[in-house]
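*Asks:* Supplied in structure tokens, the structure appears directly below.
Readers should treat all values here as calculations from the given coordinates under stated rules, not as data from a laboratory. Computed from a predicted structure; not experimentally measured. We place every Cβ from the backbone using ideal geometry, glycine too, and count neighbours over all the protein chains shown.
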């Protein structure tokens, strides 16, 4: 199943990048970027995400995945959210906190 999804994802995201005029030459990427993209943790997280989507409800899986991206941005990249960002982050964070309570 993953072998079918990966080419589709590559095709769709390449189209998004091209239409948004954000396409760049992959050879121009830094060594640090290539290391991150090829890191086993990156692939493992996607495998876990797709497995969670197959076995669980997307309404519960997607907010947790979104929240993890926000945590990485704040913890590892030092990005502090603005007021506008916070207004979008707050509902996602609230939903992630409430998910375990809805059993």
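*Asks:* Round to the nearest 0.05 the FRET efficiency obtained for residue 18 and residue 66 when R0 = 30 Å and r is the Cβ-Cβ distance. Display every interim value, and only then the final one.
*Replies:* On the way: r = 25 Å, r/R0 = 0.82.
It comes to 0.75.
*Asks:* What FRET efficiency, computed as 1/(1 + (r/R0)^6) with R0 = 25 Å and r the Cβ-Cβ distance, is obtained for residue 98 and residue 52, rounded to the nearest 0.05? Before the final figure, lay out each step's value.
*Replies:* On the way: r = 18 Å, r/R0 = 0.71.
The value I calculate is 0.90.
*Asks:* I've got another one for you. Would you please classify the overall shape of the chain from the alpha carbon gyration tensor, given that a ≥ b ≥ c denote the square roots of the eigenvalues, rounded means a/c under 1.5, and beyond that prolate means a/b larger than b/c while oblate covers the rest? All intermediate terms of the calculation are to be shown ahead of the outcome.
*Replies:* On the way: a/c = 1.84, a/b = 1.29, b/c = 1.43.
Judged from the Cα gyration tensor, the chain comes out oblate (a/c at least 1.5, b/c at or above a/b).
*Asks:* Quick check for you: which residues of the stretch 49-72 have the amide N under 18 Å from the point 7 Å beyond the Cα of residue 8 toward its beta carbon?
*Replies:* From the stretch 49-72, the list is 49-59, 62.
*Asks:* Let me ask something additional. Would you mind computing, in nm to one decimal, how far apart the modelled labels at residue 85 and residue 45 are, each placed 7 Å from Cα along Cα→Cβ?
*Replies:* Taking the two extended label points, one gets 1.6 nm.
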